[in-house]
Amino acid sequence: MTMTENAACFPERHLHEECGVFGVYSESTADVASLAYYALYALQHRGQESAGIAVNDDGVFSAYRDVGLVSDVFPADRLAALGTGNIAVGHVRYGTTGSDNKRNVQPILVNHYKGRMALAHNGNLTNSYELRQELESRGSIFQTTTDSEVIAYIIVQERLKAPSIEAAVSAAMDRIEGAYSLVISSPSKLIAVRDPHGFRPLCMGRLKDGSVVFASESCALNAIGARFERDIRPGEIVVADKNGVKSIETHCGRAPKRLCVFEFIYFARPDSVIDGSSVHVARQRAGAFLALEHPVQADIVVGVPDSGLDAALGYARQSGIPYGMGFIKNKYIGRTFISPTQAMRENEVNIKLNPIRSVVEGKRVVLIDDSIVRGTTCRRTIQLLREAGAREIHMRVSAPPFVAACYYGTDIDDPGKLIANHHTVEEIAQIIGVDSLGYLSIQDVVKLADNTECGFCTACFGGGYPTAVPKNGRKDRFACKISEREKG
C-alpha cells in the first residue's frame, strides 16, 4: 500500500467545536429569550448541530429545542412564543458524547420535587459511564445518550439532602469528574459553574440595567451589549438571584488549572478574550512561533480560512514574507458542513474554498492551517493551490501533531485514525503533497496566551492527561449501550 493509498484510509473530518452555553438573570420580567437568541447566534461557531432556549418566568418554564442552526430553530414567531421571564438559559451543541439526535438537544429540563431545573453543559465528563451505571442500577431512567443528563441527575439526587440548589451543585462537583462549564436555572436562581481544572471557558458580564449574564465566550456578551466583568474561576460556583451575585469557591484551587489550549488555536472566535488573553493575539503569536521554528524561503504567506488567517498574519510579520489572501471562502457554508458520501466529502473543499490564481500563481507559498487530523481535507486544499499555479507549497501548522484521544470535549476519540500516529512528518508531507511541513512545538503552544495565568491541557498532543483516563471514552458509549440492550 502506498502512502497516498494509506491516507485514504483516514477520511478527514475536521475537529468539531464543543458547545456554547449562555444564561441571563434579570431582576424584572424581560425579553430574555431575545437576549439568549443573539448570544447563541454569536456562539454558533461552537456548535452547529442543535440549539435550544429555556425561559423561566418566576418558576414557570417554557422551552424550545431542535436540531439546526440558531436562525433555523428560532424564527421570529417561535422565539416570541417563549414569552418573557427573568431567567433564560441557552445552548448550541456539537455532540461530544451522544449522537446528534433531537433527544440530545439542550438545555436539559428536569422536574423534581423542588421544582424545575434547566441545565446547559459545555465539556465532557470522564466518569460519566460509571455514574450512569450507578444511577441506572438504582432505578434512574435516562431519556438521552449524553453525559449532561448524568450531571442533571446527580444534582437532583444531591438536592434531596442539600439546603439549596447551589449546595446541591457543590456536592455534585465532588462526584463528577472531567470538563464542565455549566449554566443552570432553578425556579429562582441562575447558577454558573466551571470545573476545577477550568478545561472550558466561562465568563460573566452585566447589561446596562444590571442584569447578570454568563457565556462561554466574551463575544456573546458583546453581541447583546453586555459589559465583560470577569472570567469564572476554575472550580467556582456563581449564583445570581434577588439578593445579588454570590461566589462559592470551595472547589477552587483543588486541581491544577488546565484550560484547553485548542480554544486559542481553533475553537474560540478571534474577537473573544479567554482568561485574560485575546484569541486573535494568541493566534498571531502561534504564527510568529512557527516562523521562528520553521523558517523557509518563500514569496507569500497564505492562511486557510478562517482559523488559519491570524496565524498566517503572525507568520508573515515575524518572517518578513508578504501576507496574501490566497483563498475565497463560501461564507454560506459553516464549519460543520456535512457530506453524505466519500466522493462528496472530497469535493467539499471545492465548495468551501476557491484559490485566487493571481495571488498564488508562480509563487512559493507558505500555507498556514490550525491542524491536520487525518490528512484528506488538507491534501485537497493543497491540490487546489497546485492547480492554481503555486510553484512550491510549504505547510505550517499552528498546533502540534494530534497523537492522543481527547476526553474533555473534543471529538478525537480514536487515536488510531490520527495520521500523525502512523507517519513521520516527512511522510505526512509526502501524503498531503507539500514541499515541506512544520508543526508548532508543544513547548511553544503553551506560550500562546501570554496574559493567561493558568496551565494548559495538551493531552491530545501527547502532553499527558490531567485526570484519570475514562474506562470508556467513546463518543457513542451510551448509544452503543442502548443498542446492545435493544438487541437483547
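Here are the numbers for the structure shown:
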read-out: Table column - 3J(HN,Hα) (Hz), segment 64-70, Karplus curve with 6.51, -1.76, 1.60, x for Gly and Pro; value: 9, 9, 6, 6, x, 6, 4
read-out: Mean separation of Cα contacts under 8 Å (6+ apart) over length of segment 19-258, as relative contact order %; value: 21 percent
read-out: Global geometry of segment 19-258, whether rounded, prolate or oblate, following the gyration tensor of its Cα atoms and the 1.5 cut on a/c; value: rounded
read-out: D (Stokes-Einstein, µm²/s), Kirkwood Cα radius, the chain, 1.567 mPa s at 4 °C; value: 56 µm²/s
read-out: Residue-averaged [θ]222 nm for the chain, counting only DSSP H segments that reach four residues, each worth -39500 (n - 2.57); value: -8000 deg cm²/dmol
read-out: Considering only the chain, percent of DSSP beta bridges that pair antiparallel, nearest 5; value: 80 percent
read-out: In order through segment 152-158: 3J(HN,Hα) via Karplus (6.51 cos²θ - 1.76 cosθ + 1.60), integer Hz, x for Gly, Pro; value: 4, 5, 4, 5, 4, 4, 5
read-out: Whole-Å semi-axes of segment 277-458's equivalent ellipsoid (Cα gyration tensor); value: 23, 21, 16
read-out: ³J(HN,Hα) computed for each position of segment 188-202 - Karplus, 6.51 cos²θ - 1.76 cosθ + 1.60, integer Hz, glycine/proline x; value: 10, 9, 10, 10, 10, 9, 10, 5, x, 7, x, 4, 10, x, 6
read-out: Virtual spin-label span in nm between Glu426 and Asp66, 7 Å along Cα→Cβ; value: 5.6 nm
read-out: Segments 191-202, 269-280 sorted - mean Cβ within 10 Å per residue, highest first; value: 191-202, 269-280
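None of the figures in this text is laboratory data; all of them are computed from the coordinates on show. All values derive from a computational prediction rather than experimental measurement. Positions of Cβ are generated from backbone atoms using ideal geometry, with glycine treated the same way; all protein chains shown enter the neighbour counts.
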